[in-house]
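Quick notes on the structure that follows.
FYI, it's all coordinate maths here, none of it is from the lab. Treat the numbers as computed from the prediction; the structure is a model and nothing was measured. A quick note on method: Cβ atoms are made from the backbone with ideal geometry, for glycine too, and the neighbour counts reach across all protein chains shown.
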Amino acid sequence: MTALWVTLALVATVALLLRWQRPAWYWMSFGVLFAVVRVLVRYSSVMDACGLTVPPPRWRLALARMTGRPVPDSKAPRILRLRPTRTGLVLRVKLRPGQDAFDFSAASDRLRHSFVMRNVTTREIRSGVVELRMTGYDVLKRVQMPARPGGGVMRVPVAMREDGEVYYRDYRQVPHALNVGATQSGKSVYQRNLVAALAGLNVALVGIDCKQGVELAPLARRFSALADNPDNAADLLDSLVEHMHDVYQLIRREQRLSADTPDAEITADIWDLPDGLRPTPIVLMVDEVAELALFATKDEEKRRDRIITSLVRLAQLGRAAGIYLEICGQRFGSELGKGITMLRAQLTGRTAHRVNDETSANMAFGDIAPDAVLATVQIPTDRPGTAVVGDSSGGWVRIRTPHLTLRRAVNLCNAHASRTPEIPALDAFRPVLPSLAKTPAAAASTVPVTA
Ligand SMILES: Nc1ncnc2c1ncn2[C@@H]1O[C@H](COP(=O)(O)OP(=O)(O)OP(=O)(O)O)[C@@H](O)[C@H]1O
Ligand SMILES: [Mg+2]
């Protein structure tokens with residue numbers, strides 16, 4: 001008997017320790033079981049308390065009256081499926097007549113408390129079926145991406161969503177994106193995660209980092225072209241526009257439109273070209289974009305106009321040529337001068353890290369998802385890397401990137417260095433790299449010079 005009590009006490013202590021220190025492990029070992037039992041046992045009463053039941057139909061009331069039976073209870077939505085996941089539970093319910101998906105989204109906070117879960121989000125799967133995604137612990141506190149997050153052609157996992165799902169950056173669906181946030185909010189770490197995720201794909205990375213390259217230069221082995229000051233950036237963007245025109249020429253040549261060409265062989269972008277002919281898609285990463293738009297002299301103003309014009313052209317025409325833009329900056333509004341709002345209008349994907357004022361959040365979401373603005377301003381300072389992402393469909397969600405250190409990102413880029421494609425038009429901007437192995441000359445140059 002004593003042995004049983006000791007074992008139980010030991011198990012309880014382990015569970016409490018895990019819950020405190022390793023909530024993800026606690027969830028997978030104990031939490032999921034407790035949560036499934038809790039949801040199934042409390043389901044009807046919680047639905048009733050949250051106002052998500054419907055009264056019985058009239059014919060059943062009449063039947064009960066006629067037969068003298070007790071009045072039937074209100075009905076809760078029928079459970080279609082309850083599926084545990086590595087971060088929570090997914091509950092799919094069939095709505096009763098008269099209910100709608102909005103009832104559930106409005107009650108999500110009440111459901112969260114009633115089922116003792118960390119977060120509940122709802123979405124309509126199809127007419128009459130609503131899915132409740134619940135997380136068992138704070139998944140954004142210590143982000144742990146799944147070992148095999150999946151992905152696809154130009155679709156890479158970057159961060160964890162607050163509903164426990166992986167957030168993917170899908171370039172073919174959302175070609176260009178804007179990423180704003182105050183200083184130290186986690187923009188560069190987000191970009192680093194993107195580079196690391198793209199490193200293993202068949203894609204060319206082109207970088208513009210006007211902080212003298214401190215963020216992107218260490219990852220240079222996986223970059224086909226890099227510019228670390230506005231002058232180089234202007235030339236690099238001109239060459240990229242030229243490359244875009246070359247790709248369009250190639251697509252034109254391959255179209256060969258005639259009456260007997262099958263529909264499937266007519267192409268208007270690189271993805272329909274045969275594998276052997278398809279140019280490598282390019283992702284252009286711009287960090288600290290404001291540096292490209294600021295000027296003090298007449299010459300700098302001319303350079304700025306050149307840069308913004310090239311960026312606007314790439315944003316407007318680049319997608320079909322397989323050129324995708326990823327633009328990061330602390331602010332990205334009309335105060336940066338003409339052309340900026342035109343460029344912003346082409347950046348469909350919006351990510352906003354913590355900002356200090358509503359105006360900055362408005363630059364990302366004001367024109368697409370006004371309620372995301374409030375969520376952005378509320379991101380706490382002690383959670384760098386947390387962001388709100390939205391798209392032009394008006395939806396938004398909170399995400400947080402895993403804290404990928406620069407060293408790990410460098411190692412990943414070096415490991416995939418052999419994948420770095422050469423883009424002839426951008427050859428002049430290929431980063432000059434020291435060899436990985438220390439040459440005698442390099443070793444000699446590191447000997448301290450003494451007087
Ligand atoms: N996902 C994350 N998890 C934990 N810490 C993070 C995360 N993202 C960023 N940080 C921390 O925040 C610091 C600042 O991040 P980062 O350099 O990405 O900010 P930034 O927005 O690019 O700032 P700046 O505009 O000054 O360049 C990082 O050094 C890191 O310590
Ligand atoms: Mg930065």
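On full extension, the segment bounded by Ala345 and Arg60 gains 97.0 nm, given 0.36 nm per residue less the C-alpha separation.
When the alpha-carbon atoms of the range 37-145 are used, the pair Rg, Dmax equals 16.1, 60 angstrom. Under the simplified labelling scheme, the Ala15-Arg38 pair shows an inter-label distance of 1.1 nm, with each label point 7 Å from Cα along Cα→Cβ. Spatially, the range 104-169 and the range 35-56 are offset by 21 Å when compared through their Cα centroids.
The label point for Asn202 and the one for Asp100, both projected 7 Å from the Cα toward the Cβ, are 4.7 nm apart. So what's the back-of-envelope 222 nm ellipticity for the chain, counting only DSSP H runs of four-plus at -39500 (n - 2.57) apiece and dividing by all residues, rounded to 500? After summing the helix terms and dividing by the residues of the chain, the value is -11500 deg cm²/dmol. Ordering Trp396, Trp25 by the number of other Cβ atoms within 10 Å of each residue's own Cβ, fewest first, gives Trp25, Trp396.
Computed over the chain, relative contact order equals 16 percent, with contacts defined as Cα pairs under 8 Å that lie 6+ residues apart.
Taking each residue as 0.36 nm, the span from Leu294 to Gln144 lengthens on full extension beyond its C-alpha to C-alpha distance by 50.2 nm. When Thr381, Thr341 are sorted by how many other C-beta atoms sit within 10 angstrom of their C-beta, beginning with the fewest, the order is Thr381, Thr341.
Among the lysines, select those whose C-alpha is under 20 Å from the C-alpha of Lys211, and discard any that sit fewer than 8 residues away in the same chain. Candidates past the 8-residue exclusion: Lys187. Label sites at Ile125 and Arg407, each approximated as a point 7 angstrom past Cα along Cα to Cβ, lie 4.5 nm apart. Computed from point charges on the beta carbon alone (+1 for Lys and Arg, -1 for Asp and Glu), the dipole magnitude for the range 13-135 about its Cα centre is near 300 Debye. If the segment from Asp382 to Glu242 were pulled out straight at 0.36 nm per residue, it would be longer than the present Cα-Cα gap by 46.0 nm. Dividing the convex hull volume of the alpha-carbon atoms in the chain by its residue count gives 253 Å³ per residue. Here the Karplus relation 6.51 cos²θ - 1.76 cosθ + 1.60, evaluated at θ = phi - 60°, turns the backbone of the range 336-349 into coupling constants of 7, x, 6, x, 5, 5, 5, 5, 4, 5, 8, 8, 5, x Hz, with x for every Gly and Pro. Positive end of the dipole of the range 155-429 (Cβ unit charges, origin at the Cα centre): among Ile340, Asn362, Ala315, the Cα lying farthest that way belongs to Asn362.
The string of couplings for the range 366-380 from the Karplus curve (6.51, -1.76, 1.60, θ = phi - 60°) is x, 8, 10, 9, x, 6, 6, 4, 4, 4, 5, 5, 7, 5, x Hz, one whole number per residue in order, with x for Gly and Pro.
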